[in-house]
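A quick write-up on the structure given underneath.
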Amino acid sequence: MSPGWILRAAAIAGYTLLMAPAVLVAAISFSAGDFLTFPPPGFSTRWYVALLTNAELMTALRNSAILALIVAFVALLAGAPAAYALARLDFPGRAAIAAFLAAPLLLPSLVLGLALLLALQPLKLAATWPGLVLAHSMVAVPFAVRIMATAFAAVPRDLEEAAWTLGATRLRAAWRITLPLAAPGAVAAGALCFLVSFDETVISLFLVGPRLTTLPVEMFRYAESRTDPLVAALAMTLILVALAVVLLVERLVGFSKALGRE
Amino acid sequence: MIAYLLLLPAVAILAAGFLYPVALLARISLNRTTDLGAMEEALSLDTFAKVAGDEFTWELAANTATLAAGSALAATALALPVALLIRAAPARWRGVLSLMAIAPLLISGTARVVGWMAILGDRGLINAALLWLGLASDPVRLINNWTGVRIGLTESLMPYACLVLIAGLGRLDTRLEEAAATLGATRSRTFLRITLPLALPALLAAFLLTFVLGVSAFITPRLMGGGRVFVVATEIFDLALQTVDWPAAAAMAMLLLGALILAMLLRSVVARRTA
């Protein structure tokens, strides 16, 4: 049955609401004005120039990019073997371990951030690289495990078994057959983990300090205190990074499948 | 054996960064705060009693529950037509339409708040339109208050509702609606008597998920509320980082977790009932 006009209109309203913030951020980021005024008084790239010449924000951007790369790497390195075990092997306690490896995603990031502050502050690990990598890994590792487990499960078992028949050891078969076939899933998982860390705000707010801060935290603080289009240029930068990751993941494995709870 | 070896790194990282901190959070909620504001080792429920005995806590809880329920309801209602359209769309459009509905999930919450500031602010899109149309002579306050928080939170919860509804509605048999139409039912009657009852379990699941997420939302209430909107999440943040009363922050976080676990149990009961 083709959708009627009421459904079409209601769906368009829904999509408008979903798209509106990103569209407005894009428009305002090129504003020539001094405030978040719509319509913008004129077109200019001055706020992007202001962003690029803002030393503090550029340091935060560099920190966030490095942190996200390390977190994605750690998440894949720890997550891929775990995902292989969960997807391919049978052992006592499998369900319990699978639940444990997904558990941090069920915890509100506010509570996780508070818990990490209480644990890392006394150890002098708050506002340090190891502390932030560990904190961001709590969101990234479960993501990597989930996506990689789906990717490994999608590789037909027959191929691995054929390799065994031909004399390959289990390790060799996993390394030479299953892993390469699951590679698109691994790249998708790495990209999503990068983004999860790059965008992470709430946990970081508990853990950053004057010595080490991240871009989303600086954007949050900027938006809390001032409302000039610099913050829109900053937001646009984050949206573009997110968009790049979304398109990459969509190409590789399909976005809904990667995020789906099924 | 090899399985446990493969699992070890991931389990070890989560034990250090999740299990230990959450256990410590529970432990610290049993500590006390002295009159001077220092933390005192203890094994008592004094801090819980102090938090639960404070009228402000209950005001915050009521604020939070009302906000989350309203925004979750609105997000679910707005996601329904989106999910129905995707279900009815030709297969080749479904992927793009789903992507457009779910992708905002990955846009930083702060970036979206900046967009809402440009829409709802005193010099924003809506006020510009209202003034231009002559519908208002002064800007209407749509931001830095509860209105702004409700709108922002609704939008930030919508992709989650879409995710649940797209999956849930995709499983429903479209032939039932076609049969109703063939038998002479109007569109609205088919929707009310066939589609809506069939979609009810998915709608309930979407509402409960977005409610749980709304209860613990922090960025939107903080930024869209402009410091004038107080919910449980903003209070936990302030207790931890401004007042630096760790036991109180931990106790309130434990109470929030308890409430969320209750809501999730309810969700699994609902899921089992309707499965």
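Taking the Cα centre of segment B:24-274 as the origin and placing charges on Cβ (Lys, Arg +1; Asp, Glu -1), which of B:LEU125, B:GLY95, B:ALA74 is farthest toward the positive end of the dipole?
B:GLY95
What's the local net charge at B:ALA185, with K and R +1, D and E -1, over the other residues with C-beta under 11 Å away?
Charge balance near B:ALA185 sits at +1.
What list of ³J(HN,Hα) couplings, whole Hz, do you get for segment B:243-259 from phi and the Karplus terms 6.51, -1.76, 1.60, once you set θ to phi - 60° and write x for glycine and proline?
Values, residue by residue: 6, 6, 10, 4, x, 5, 4, 5, 5, 5, 5, 5, 5, 4, 4, x, 5 Hz.
Just flag the GluC sites (Glu not before Pro) in segment B:1-103 sitting in loop per DSSP whose Cβ has no more than 11 other Cβ atoms within 10 Å.
B:GLU41
Once you list every other residue whose beta carbon is under 13 Å from the beta carbon of B:SER108, what net charge do they have if Lys and Arg are +1 and Asp and Glu are -1?
Here the charged neighbours net out to -2.
State which helices in chain A qualify, where a helix is a whole DSSP H run, it must extend 18 Å or more along its own axis by its Cα atoms, and its mean Kyte-Doolittle hydropathy must be at least 0.5.
Span-like helices, by this rule, are A:5-29, A:55-88, A:129-154, A:183-199, A:230-252.
Which loop-located trypsin sites (Lys or Arg not before Pro) does segment A:109-208 contain, where loop means any DSSP state but H, G, I, E or B and the Cβ has at most 10 other Cβ atoms within 10 Å?
The qualifying sites are A:LYS124.
If each residue of separation counts as 0.36 nm, what is the full-extension length gain between B:ARG141 and B:ARG189 once their alpha-carbon separation is subtracted?
Gain on extension, B:ARG141 to B:ARG189, equals 13.3 nm.
Using the Karplus curve 6.51 cos²θ - 1.76 cosθ + 1.60 with θ = phi - 60°, what ³J(HN,Hα) values do you get for each residue of segment B:124-134, in whole Hz, with x for Gly and Pro?
x, 4, 5, 5, 4, 5, 4, 5, 5, 7, x
Taking only the C-alpha atoms, wrap a convex hull around segment B:24-274 and report its volume per residue in Å³ as a whole number.
Spelled out: Cα convex hull of segment B:24-274, divided by residues, is 175 Å³.
Separation between the A:LYS124 and B:LEU241 pseudo-spin-labels, each 7 Å from Cα along Cα→Cβ, expressed in nm?
2.4
How big is the B-A contact in terms of buried accessible area, both chains counted, 1.4 Å probe, rounded to the nearest 100 Å²?
Rounded to the nearest hundred, the buried surface is 7200 Å².
Against the longest principal axis of chain B, how steep is helix B:2-14, in degrees 0 to 90 to the nearest 10, with axes from Cα atoms?
Approximately 70 degrees, to the nearest 10.
What is the set of long-range amide H partners of A:GLN121 at a cut-off below 5 Å, with H atoms built 1.01 Å from backbone N?
It is A:ALA126, by chain and number.
I want the local charge near B:VAL82. Using Cβ-Cβ distances under 15 Å, sum +1 for each Lys or Arg and -1 for each Asp or Glu among the other residues.
+2
Rounded to the nearest 0.05, what FRET efficiency do B:GLU178 and A:ASP90 give with R0 = 35 Å and r taken as the Cβ-Cβ distance? Could you check?
0.20
Which number comes out as Rg/Rh for the protein assembly as shown once both Rg and the Kirkwood Rh are worked out on C-alpha atoms?
That ratio equals 0.98.
Per the 1.4 Å probe, what fraction of the accessible area of segment B:24-274, in percent, lies on carbon and sulfur atoms?
65
Which of the listed residues, A:PRO210, A:SER197, A:ALA162, is farthest toward the dipole's positive end in chain A, when Lys, Arg count +1 and Asp, Glu count -1 at the beta-carbon?
A:ALA162
Taking only DSSP H segments of four or more residues, each worth -39500 (n - 2.57), what value at 222 nm results for chain B once the sum is divided by all its residues, to the nearest 500 deg cm²/dmol?
-23500 deg cm²/dmol
To the nearest 0.05, what FRET efficiency results for A:GLU224 and A:ILE6 with a Förster distance of 56 Å applied to their C-beta separation?
Computed FRET efficiency for A:GLU224 and A:ILE6: 0.85.
Calculate how steeply helix B:232-241 sits against the longest principal axis of the alpha-carbon atoms of chain B, using the helix alpha-carbon long axis, and give the answer as 0 to 90 degrees to the nearest 10.
The answer is roughly 30 degrees.
Of B:VAL270, B:ALA251, B:LEU209, which is farthest towards the positive pole of segment B:197-275's charge dipole, taken about the Cα centre with +1 and -1 on the beta-carbons of Lys, Arg and Asp, Glu respectively?
Final value for the positive-end residue is B:VAL270.
The values are calculated or read from the model by the stated rules, or taken from the named source; none is laboratory data. Please read all numbers here as calculations on a predicted model, not as lab measurements. Note: ideal-geometry Cβ built from the backbone for every residue, glycine included; neighbour counts use all protein chains shown. SASA here: full protein model, heavy atoms, side chains in, ligands and nucleic acids out. Shrake-Rupley method; radii C 1.70, N 1.55, O 1.52, S 1.80 Å.
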